[in-house]
Every structure is written in C-alpha cells, then in structure tokens.
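Report on one structure; see the data block that follows.
Quick note: the coordinates plus some simple rules give every number you see, no bench work behind them. In this text the structure is predicted, and so the values were computed from the model without any measurement. Using ideal geometry, Cβ is built from the backbone for each residue, glycine included, and neighbour counts are taken over all protein chains shown.
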Protein chains: 2
Amino acid sequence: MSYHAVLSGRGRMKPPKSAQTILEVKSRKGHRAREAIFEAAIRVAGAEGLAALNVSRIAEVAGIGRASFYNYFDSVDDVVAELMKRLQEELEEALTEVHGEFDRGAARFAACVGEVVKRLSEDADFANLCREAMRGSEEVREQFRKASRPEIEAAIAAGASTLSREEIDPYLDLVGLAVFSGGAEAKASSRRRQVDILLRAAGMA
Amino acid sequence: MSYHAVLSGRGRMKPPKSAQTILEVKSRKGHRAREAIFEAAIRVAGAEGLAALNVSRIAEVAGIGRASFYNYFDSVDDVVAELMKRLQEELEEALTEVHGEFDRGAARFAACVGEVVKRLSEDADFANLCREAMRGSEEVREQFRKASRPEIEAAIAAGASTLSREEIDPYLDLVGLAVFSGGAEAKASSRRRQVDILLRAAGMA
C-alpha cells in the first residue's frame, strides 16, 4: 500500500483508531469530502511546501468553497496535525517488519534507515511531505531523534558505534538531513551513499 | 564588513567589477533605487524563501511601484542572479584569508568550513540566503562541490582522507547540508558538531 493511498484514506484496512476520528467520520459523504480536502492538502504541501497551505488554496485544489472547509476541519493547523499523524503511522508501518527482524542496535538502525530510503524513492508524496515535516518542525525532528536514539544507544553500549552519547543528536540530525532532504527529487542511490558515509562516521559500517 | 552590508552595497570598498555593473549604476539616484530593490529582495528571500520572490512582493517591501522595478531589473531572475553573484563573492572573501594560511587538503578544507560556519552565525541574512541557495539550486550545490572537491582530492592523494573518489560528491552534499541547512535558526555549536562528525567520517579528524 503506497503512502499516498494511506494518506488519502484509499486502501486503508485498519479502522480509525481514536474516538475523535470515529466521530469525525460521520457519514460516507462527509468522509469523502474530508478526504478530498485532505488529499488537496497533501498535493499543495508536497508540491509547494507546508507554508503554502491555507484554506483558500486547499479549497481551490479540492474544488470546494472556503466555507465548506470548516465543516470538516477547524483550521489548517488541524489538517497539518492529521497529516503529521498519518505520516508517523506510515513510517511506523514501514518499520514494524524491520523491527521484528533485528535486536536493537547498529544493524537495526541501518536496516530501518534503508527501509525509509526505499519508501521515499517509491512514493513522491511521502518523500515531499517527509522533507517538509523535517524542514519545518522542530517537533518532528525531535520525534525522529526519539525513535532513533535507543538504537544508537544500544550500538554504543554494545561497542558497535564509536559515537559518544553527546554526539547522538547531532548525528541523528545529519542522518535526518541525508535521508529526508531533497524530497522526491533526490535519487535513492545518492541518499544511500550519504547514509553509508554516516554509518561509517559512527563506526557502524 | 557584514554580509548584509556587502549585499546591500553599503560599506562596499571595491569598485564594481564588470562593465555591465558599471553601466547599470548610472547615477547615484539610480544606484540607490536599485539597492533598495535589492535589499527588499534580500529581506523577502531571507524570511520567506527564494520562491516567495516576485515583482509585486519586492516592490511592496521596497516601497516602489511595480513599474519602477523594471527601470532597474529586467526580471526577478536578474535579481536572483545578482543575489547569487554577491553571495559567491562574500563566500570567496570569507575564504581568501584561510586559503593563504594552508596548502590544499584536509586542514584547509576543515578551516574553510569552520570559517563559513562562523560567518553564518554572525549574519542572519547570509545564513538564510545560503540555505535558500543550497536548497533551491542544483547549480549552486555544484558550485559548492566544485570549490571544495580539490581540497578533498588533495586530502585523498596525501593519505589524509579515507574517502574514495566516488564518495567525494555525496560527502560534499552532506557537508553542504550540515553547514547551510537550518539558516539563521541553526546554532553554530550544532553545525560545528555535525561538521566534526563528517570530518571524522572522511578520516580527516
């Protein structure tokens, strides 16, 4: 299932997770309109950046009136929050399989990064939104660090990394830049070579 | 002399270099109007990105009519070209002194990167414009690679770098990301720690 399918709600197998989501999806018709708005937001944010998102632009691309937007979302911030939530879910989904194959540490970190690089090359929307999210939000960058830190800590503890604990965060910021910047334009081969250099920098390759 | 001073033409010691520039600066009055447009472009590009540059926005910030813009520049592309030219001149100026202190190679590369990181932390406009330039233009990224490649090649030849020749460009792209992304927001200490990790990745620290 492509990231775009997940983001747009097509091909979504799992039921909505939270009570709030269930309440929001009141009817099929309401659901479709909501997803049209959401899909418009993905397109605008992917092509022009998160900063370009506003109600007028989203409504224009979704082909609805400005007022209709407010039937489904309270604000653009709400759309962005939902976008970030689905982005995170998609990343987690991508990594669940990898997580089952390795113990925590250097090899798992490398495999996870490799899986994300692969997904980015397969899905332009995913790639552009990840770039936008990492570029625009310190919170998202911190989520990435938080998810990755335990792997590096395990690698250091196992003697499989030459990084010091103080270097973990600047190192993860570099990995984030190598993996996510460039969006859909960056070639997978170029991302992979950068990641290889960084793994070697940490003594993990 | 700060980068902003250079960009805005204030404090400029050297005479204009090309015949074209001399022709363009026809009178003091014309020069002042041109620099007002130019300074507005710096402000808009620095705060909102190069993509936000258009004649209306520049004219608005410069406090002139749209038509007046065309008395001094043929297009926004011309402004951007001039912006990139001055950016490059400022970078060259920053590095001239460093270049005199070292032979080509690992130590000079590290010193040059350190000097640029220092300048970025001193001048928010410079930092934001460099970020924008590296983000938006493959040509600018290639200029950065072209200027830096000989240092890495010399380091490899002298056995002072563990990089292979094929790794030079992805490595330089990583250094570019570490140094220039984040704009004025990124802390100098964070940039420096990232650069240290990258120098170690290349066996140069």
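Observations, loosely collected:
- Rg to Rh, two decimals, where chain A supplies the alpha carbon set and Rh follows Kirkwood: 1.02
- Take the Cα of B:Arg149, go 7 Å toward its beta carbon, and the backbone nitrogen atoms of region B:176-196 under 20 Å from that spot belong to B:176-178.
- In plain terms, the residue of A:Tyr72, B:Tyr171 with the fewest other Cβ atoms within 10 Å comes first and the most crowded comes last, giving A:Tyr72, B:Tyr171.
- Measuring from each Cβ of chain A to the axis that turns chain A onto chain B, the shortest distance belongs to A:Ala201, 2 (residue, then whole Å).
- When chain A is treated as a GNM with alpha-carbon contacts under 10 Å, the residue of A:Ile168, A:Ile42, A:Ile58 showing the greatest mean-square fluctuation is A:Ile168.
- Taking region A:84-201 and dividing mean pair separation by its residue count, relative contact order in percent (alpha carbons under 8 Å, at least six apart): 32
- The residues A:Glu166, A:Glu60, B:Glu39, when put in order of fewest to most other Cβ atoms within 10 Å, stand as A:Glu166, A:Glu60, B:Glu39.
- Here the mean projected area of the convex hull built on the C-alpha positions of region B:44-143 is 7.2 nm².
- In the assembly of identical copies, B:Thr96 has its label point, taken 7 Å from Cα in the direction of the beta carbon, separated from the corresponding points by 6.1 nm (ascending, one decimal).
- Value of Rg/Rh across the protein assembly as shown [Cα atoms, Kirkwood radius]: 1.01
- Surface/4 estimate of mean projected area, convex hull on alpha-carbon atoms of region A:84-201, nm²: 6.6
- Positive dipole terminus of the protein assembly as shown, leading residue within B:Thr162, B:Ile197, A:Met84 (C-beta point charges): A:Met84
- Pairs from A:Lys85/B:Lys85; A:Lys146/B:Lys146; B:Lys85/B:Lys187; A:Lys146/B:Lys85 whose Cα-Cα separation, in the structure shown, is over 30 Å: A:Lys85/B:Lys85; A:Lys146/B:Lys146; A:Lys146/B:Lys85
- Note on region B:69-113: Kirkwood hydrodynamic radius from all Cα pairs is 12.5 Å, rounded to one decimal.
- Between region A:115-180 and region B:61-124, the alpha-carbon centres lie 30 Å apart.
- Residues B:Phe126, A:Phe38, B:Phe102, ranked from the fewest to the most other C-beta atoms within 10 Å, line up as B:Phe102, A:Phe38, B:Phe126.
- Residue-averaged beta-carbon neighbours from other chains (10 angstrom radius) around A:170-177: 6
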